[in-house]
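Chemist: One structure, pasted below without further comment.
The values are calculated or read from the model by the stated rules, or taken from the named source; none is laboratory data. If you're wondering where the values come from, they're calculated on a predicted model, not measured in any experiment. Backbone-built Cβ (ideal geometry, glycine too); neighbour counts: all protein chains shown. For the accessible areas, the whole protein counts, side chains as well, though only heavy atoms, and no ligand, DNA or RNA atoms are used. Shrake-Rupley method; radii C 1.70, N 1.55, O 1.52, S 1.80 Å.
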Amino acid sequence: MRTTPRIEGLLRELAPQVLGVLVRRHGQFDVCEDAVQEALLGAAQQWPEEGIPDNPKGWLITAASRRWIEQYRSETARRQREEKVVALTPPPADPAPAQDDTLTILALCCHESLTTASQIALTLRAVGGLTTAEIARAFLVPESTVAQRISRAKQKIKGTKFRAPKDLTAVLHVLYLIFTEGSTASSGDDLVRVDLTAEAIRLTRQLHRRRPDDGELTGLLALMLLTDARRPARTDEQGALVPLAEQDRRKWDAEAMNEGTQLIRKALETAQIGPYQLQAAIAAVHADAKTAQDTDWHEILGLYELLTVTAPGPMVSLNRIVAVAMVHGPRQALDELSTLDLDHYRVHAVKAHLLDLQGEHDQAKAEYEKAAKLTLSVPEQRYLSSRSRRPR
């Protein structure tokens, strides 16, 4: 199926709005979501040839409503309720209410009763407008696995009240996870999965337009932009990983850097500080440095100290230890690393780096080899293996 970038972007933007209209009108999230997917597929097939209709949202709502009626008829036929079905007619060409339920749909997809994997899959399908096959390709899992996650998720939230959320914590967490998986893929041949990072940024930006004063939402968008801006420099021409300290900063996306920096500065000035803002602030410090040597590691360490208090976790502690090494030296960092209870390949990678800085190259080589064996990311395996073979 071939669609233009304009049509694809429009369909993804309208998907949650159309779903919101149907759910508000009929309830039955699972049936409505299936109907919207059918409408999106129909549009993807027809619009490239026939052109985008004057009222694309109305077109999708009409098509989805017709599909909902067909499904309803099929289900109710067994219950001898044809009289009620006959009374149902498709909505007018422009039935869309002024209310936009995108945020409500997002919250529903991130319901606390769902597993994280199900939240991500349902969000990408219902809000992102991705097909099951596209989600499966993005996460390198069988399409049947994604289909099962989505089906079970829809059944689990069946009957959940349809209302706008007051707390965005779960929504932001899911968007962050989608971006993180895309930014540094946990497995496979590619370091970055642009389809996931782009979708996470699009959804977060769309949400930010609705709640521009939310500090943590602003921080998350800033973090995504500042991180993704470094993407062109993160691999060389052969696709090999290039660490931050060795990247050609002229390749960084200056426009994304500037936008992310402005967003986080405004958030820090006007909103209560939270974990996403602190992570974005750290990324902004890196962005401000013209060279790796110019990096203000004292400021970064201070920000990690705050992050350790507001959002403690083993990965935060590990990243803080790297900053400790840059400020206080590798010996102190190694001492702190020995107390960290975390079974992850990055622990060995960081330990190897610190041992190299300490001049203990044989031990560093062994740690790089351990890290390379533990990661499922092919680019990271190659990089860590090359570091273990690097002449000292």
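Chemist: May I ask you to say which residue of 62, 4 is at pLDDT below 90 and either farther than 26 Å from residue 195 by Cβ or not hydrophobic (A, V, I, L, M, F, W, C) (or both)? Spell out the reasoning first.
Modeler: Details: 62 fails: at pLDDT below 90.
Going through 62, 4 in turn, just one is at pLDDT below 90 and either farther than 26 Å from residue 195 by Cβ or not hydrophobic (A, V, I, L, M, F, W, C) (or both): 4.
Chemist: Only one residue in 209, 205, 193, 265 is among the basic types (Lys, Arg) and closer than 24 Å to residue 308 by Cβ, so which one is that? Talk me through it step by step, then tell me what you get.
Modeler: On the way: 209 fails: closer than 24 Å to residue 308 by Cβ; 205 fails: closer than 24 Å to residue 308 by Cβ; 193 fails: closer than 24 Å to residue 308 by Cβ.
That would be 265, the only listed residue that is among the basic types (Lys, Arg) and closer than 24 Å to residue 308 by Cβ.
Chemist: How many residues are open to solvent by 30 Å² or more (accessible area, probe 1.4 Å) and not in a helix (DSSP H, G or I) when one looks only at region 289-310?
Modeler: Residues in region 289-310 being open to solvent by 30 Å² or more (accessible area, probe 1.4 Å) and not in a helix (DSSP H, G or I): 3 in total.
Chemist: Every residue in region 322-352 that is free of Cβ contacts under 8 Å to residues at least 24 places away in the same chain and open to solvent by 40 Å² or more (accessible area, probe 1.4 Å), please.
Modeler: 328, 332, 335, 336, 338, 339, 343, 351
Chemist: If you check 280, 323, 284, 256, which single one turns out to be touching a Phe, Trp or Tyr at 6+ places or on another chain (Cβ under 7 Å) and in a helix (DSSP H, G or I)?
Modeler: Details: 280 fails: touching a Phe, Trp or Tyr at 6+ places or on another chain (Cβ under 7 Å); 284 fails: touching a Phe, Trp or Tyr at 6+ places or on another chain (Cβ under 7 Å); 256 fails: touching a Phe, Trp or Tyr at 6+ places or on another chain (Cβ under 7 Å).
None of the other options fit; the residue is 323.
Chemist: Sticking with this one: Does residue 378 fit the bill of being β-branched (Val, Ile, Thr), closer than 30 Å to residue 239 by Cβ and in contact with a strand residue (DSSP E or B) (Cβ under 8 Å, 6 or more places away or on another chain)?
Modeler: When the stated conditions are applied, residue 378 passes them.
Chemist: If you don't mind, another one. Among the residues of region 25-55, count how many are among the charged types (D, E, K, R), under 18 Å from residue 67 (Cβ atoms), at pLDDT 90 or above and open to solvent by 70 Å² or more (accessible area, probe 1.4 Å).
Modeler: Residues meeting the conditions: 1.
Chemist: If you don't mind, another one. Can you list residue pairs whose Cβ atoms sit under 7 Å apart, with the first residue in region 356-369 being farther than 11 Å from residue 387 by Cβ and the second being crowded, with 16+ Cβ neighbours inside 10 Å? Count only pairs 6 or more apart in sequence or on different chains.
Modeler: What qualifies is 357/325; 357/330; 358/330; 358/334; 363/355.
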